[in-house]
1. Check segment 310-317 and report whether any residue there is crowded, with 21+ Cβ neighbours inside 10 Å, modelled with pLDDT of 95 or more, more than 19 Å from K79 (Cβ to Cβ) and within 14 Å of the chain's Cα centre (by Cα).
2. Sort out which residues of segment 139-152 are farther than 19 Å from N302 by Cα and surrounded by 21 or more Cβ atoms within 10 Å (Cβ to Cβ), and write them in order of number.
3. Between E233, E241, E249, which is acidic (D, E), at pLDDT below 95 and surrounded by fewer than 15 Cβ atoms within 10 Å (Cβ to Cβ)?
4. So which of E94, E111 is out of contact with any Gly (no Cβ under 9 Å at 6 or more places or on another chain) and not in a strand (DSSP E or B)?
5. For R30, state whether it is basic (K, R) and without any contact (Cβ under 8 Å) to a residue 12 or more places away in the chain.
6. Which is within 22 Å of A337 (Cβ to Cβ) and under 12 Å from the mean Cα position of the chain (by Cα), of V87, V142?
7. Just checking: which of the strands (runs of 3 or more DSSP E) contained wholly in segment 29-77 hold 2 or more residues that are of a type in the set (V, I, T)?
Amino acid sequence: MLELYSPSGSEAELASFLHDEMQAKGIDSRIDEAGNVIGLVGSEGPRILLCGHMDTVPGRIPVRFDGDSLYGRGAVDAKASLAAMVVGAAVAKERIRAPVQITVAGVVEEETSSRGIRALVAEKTRYDLAVFGEPSGVSNIVTGYKGSLKLHLTFRTPGGHSASPWLSASSFEEACAFWSTFERQLLNNLAQSKFDAITGCVTNITAGGPGNSVPANAALEIDVRIPPDVKSEAFLNKVREFIVRYSAERKDVTVDFRVDDQTEAFLGTTDSNALSAFRWAIRKVRGGQVALLKKTGTSDINLFAQTQSIPMFAYGPGDSRLDHTEIEHVRVSEYLATIEVYAQALTRIVERAREDELLKAATK
């Protein structure tokens with residue numbers, strides 16, 4: 001999978017590969033109109049979704065082994081997680097002796113438009129459990145993700161000659177001043193945990209024109225991350241009010257903005273039978289304690305959680321601090337352990353569901 005370079009929008013070759021791999025492992029599979037590869041194990045019983053993403057950020061990394069470490073773009077985010085789901089589901093299929101429906105989905109464009117998960121949501125299939133393949137570390141489970149707002153702002157000023165910049169407002173300087181004030185007034189959150197804070201940064205800035213001119217146009221892209229106790233629309237209202245106040249104090253600049261993406265935060269339950277099964281499986285395979293993590297990033301689970309109120313969390317091998325870096329790698333031993341965790345947890349979930357059904361039938 002790592003050798004098949006698949007930045008967002010270029011997942012087709014990897015989808016075809018995974019389709020063939022699933023079929024070879026006895027998992028019925030198809031590729032949908034969005035380009036997602038969808039595998040299905042069984043047709044009755046609890047309906048479980050295992051969802052990972054095939055795409056990566058751009059930038060090739062030579063695929064190589066270094067002892068127990070496997071390097072390559074997507075090793076952590078998040079091809080190892082998706083691969084572990086596919087193999088784990090295939091192993092579980094051979095062990096489970098009760099009815100089950102396991103859907104393994106490799107979706108497209110998680111890093112950009114989330115087109116893949118939106119297509120999956122549009123199918124309106126109801127699930128009893130959803131696990132998303134993201135790097136948690138083999139002994140950890142992720143139960144929370146922050147939401148995000150991606151804002152695009154434009155600044156227009158009259159411009160002027162660069163020989164006399166004191167006569168004209170610069171759209172570039174206005175954009176920089178805007179960000180400084182925005183950060184100070186709207187992101188000034190003193191919460192001890194970064195998960196509970198409103199944070200953000202400039203991800204792109206453009207400005208300029210002819211070489212002898214004061215910039216008359218500039219654009220600023222801001223990525224704001226929002227905790228679960230703040231609704232994105234409420235924060236957007238603060239942004240709108242801030243822009244009105246800011247523009248009123250700056251007569252020589254026009255500020256416009258649009259929202260390129262708006263995603264609510266996710267905070268899952270920690271007392272479900274499914275989560276307990278994964279914690280049990282991790283302790284059995286790896287030993288030690290299992291940590292429940294909350295991440296400052298955002299993933300496809302945020303969007304899916306808006307449509308179904310079921311147990312859901314994220315699990316997969318790898319250190320998320322290596323996401324999007326030039327040294328992205330996963331430990332092979334951790335990857336293999338994750339496969340066994342998936343296989344054992346899925347088996348336990350299905351067996352427990354079957355026991356509950358028999359108990360209910362016996363007490364009627």
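The values are calculated or read from the model by the stated rules, or taken from the named source; none is laboratory data. Just so you know, these numbers come straight off a predicted model, no measurement behind them. Glycine gets a Cβ as well: all are built from the backbone with ideal geometry, and neighbour counts include every protein chain shown.
1. Scanning segment 310-317, I find at least one residue that is crowded, with 21+ Cβ neighbours inside 10 Å, modelled with pLDDT of 95 or more, more than 19 Å from K79 (Cβ to Cβ) and within 14 Å of the chain's Cα centre (by Cα), so the answer is yes.
2. If the condition is that a residue be farther than 19 Å from N302 by Cα and surrounded by 21 or more Cβ atoms within 10 Å (Cβ to Cβ), then no residue fits.
3. Of E233, E241, E249, the one residue that is acidic (D, E), at pLDDT below 95 and surrounded by fewer than 15 Cβ atoms within 10 Å (Cβ to Cβ) is E249.
4. Being out of contact with any Gly (no Cβ under 9 Å at 6 or more places or on another chain) and not in a strand (DSSP E or B) holds for just one of E94, E111, which is E111.
5. Numbers: basic (K, R): yes; without any contact (Cβ under 8 Å) to a residue 12 or more places away in the chain: yes.
It is true that R30 is basic (K, R) and without any contact (Cβ under 8 Å) to a residue 12 or more places away in the chain.
6. V142
7. By residue number, 37-41.
Listed here are the residues, each with its yes/no results for (1) β-branched (V, I, T); (2) part of a strand (DSSP E or B).
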site: A234; (1), (2): no, no
site: N237; (1), (2): no, no
site: R240; (1), (2): no, no
site: V244; (1), (2): yes, no
site: S247; (1), (2): no, no
site: V255; (1), (2): yes, yes
site: V259; (1), (2): yes, yes
site: D271; (1), (2): no, no
